[in-house]
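The next block holds one structure in the form of structure tokens; read it before the comments.
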Amino acid sequence: MVRRIVLLLVVLVLSACSLPQQPTPTPLPPTPTPVPEGTPALSPADQARVTAWADAWATVQRFRAEITAYDTSGTLRQRLELAVVLPDRLHAIQYDPASGQPAQEWIIVGDAGWIRSGDRWQLGQIQQSPDFASLYDPAELAAARTGAASVTIEELPSETIDGVICEKWAIIVTPAGQKPNQLTLWIGQADQLPRQLRTEYADGSVLVLRYWGFDESFTIEPPGTSEP
């Protein structure tokens, strides 16, 4: 469900844009994507549940998110705040883990990308269209097949995230021959949209995503036009 999120931003914004080199954050280990082979790894009930999550996500046109990454000692290593207008608009701010101050800022509109250097925005060209919808992708779980991955889903007591009553789900994805990745997903009880996703990798590092702003009416335009 969680792809190479930080690596996606780093590669597509810093490398694909023809801009001066910027310091590249250490990417997080990726969550392996199950290969669709064999019979479904999910029970019929879980398959229906995950499909409902995917159907709800397919209605989303815009959202805000925060990505925080922690190393094996629990130290904060990455923090980014995003505003996304699907399919191809992003405003991202990366914060320095030590000071908490903004360190880098990017805007992507279609195949054009800008990175902020001081008070100036520098324009570059995106060589490959990013898939911002993959910042949350329950369809990956729906596509999981036995032989390629083992998936278990367990409902936990509901909790409230940012004032929203949420279903809480423990999900364990174990790709064939690999150690398990443990996910905890908080889904809005009323709208079935994600509010938080926590992934604990086999090495003990942790990636947390928070989601909100589904009903906000912001736009993302080139620098100097408007801000989200």
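Of note:
- Test set (1) assigned to a strand (DSSP E or B); (2) modelled with pLDDT of 95 or more; (3) of a type outside the set (Asp, Glu) - Leu80 fails condition number: (2)
- Selection from segment 105-120 of residues that are open to solvent by 60 Å² or more (accessible area, probe 1.4 Å), within 27 Å of Glu216 (Cα to Cα) and assigned to a strand (DSSP E or B): Arg116
- In segment 138-166, residue farthest from Trp212 (Cα to Cα) [restricted to those that are surrounded by 19 or more Cβ atoms within 10 Å (Cβ to Cβ) and hydrophobic (A, V, I, L, M, F, W, C)]: Ala149
- Across segment 136-184, the qualifying residues are those that are among the hydroxyl-bearing types (Ser, Thr, Tyr) and out of contact with any Gly (no Cβ under 6 Å at 6 or more places or on another chain), and the one among them that is nearest to Thr59 (Cα to Cα) is Tyr136.
- Among the residues of segment 95-104, not a single one is open to solvent by 20 Å² or more (accessible area, probe 1.4 Å), touching a Gly at 6+ places or on another chain (Cβ under 9 Å) and in a strand (DSSP E or B).
- Of the numbered criteria (1) surrounded by fewer than 17 Cβ atoms within 10 Å (Cβ to Cβ); (2) among the hydrophobic types (A, V, I, L, M, F, W, C); (3) part of a strand (DSSP E or B), the one Trp169 fails is (1).
- Test: Val50 is part of a loop (DSSP other than H, G, I, E, B), open to solvent by less than 50 Å² (accessible area, probe 1.4 Å), under 25 Å from Ala170 (Cβ atoms) and hydrophobic (A, V, I, L, M, F, W, C): no
- Subset of segment 84-121 that is free of Cβ contacts under 8 Å to residues at least 40 places away in the same chain and in contact with a Pro (Cβ under 7 Å, 6 or more places away or on another chain) - its residue that is nearest to Ala133 (Cα to Cα): Ile93
The values are calculated or read from the model by the stated rules, or taken from the named source; none is laboratory data. Since we're looking at a predicted model, the values are computed, not measured. In this analysis, Cβ positions are derived from the backbone assuming ideal geometry, glycine residues included, and neighbour counts consider all displayed protein chains. Keep in mind that these areas ignore ligands, DNA and RNA; they rest on the heavy atoms of the full protein, side chains included. Shrake-Rupley method; radii C 1.70, N 1.55, O 1.52, S 1.80 Å.
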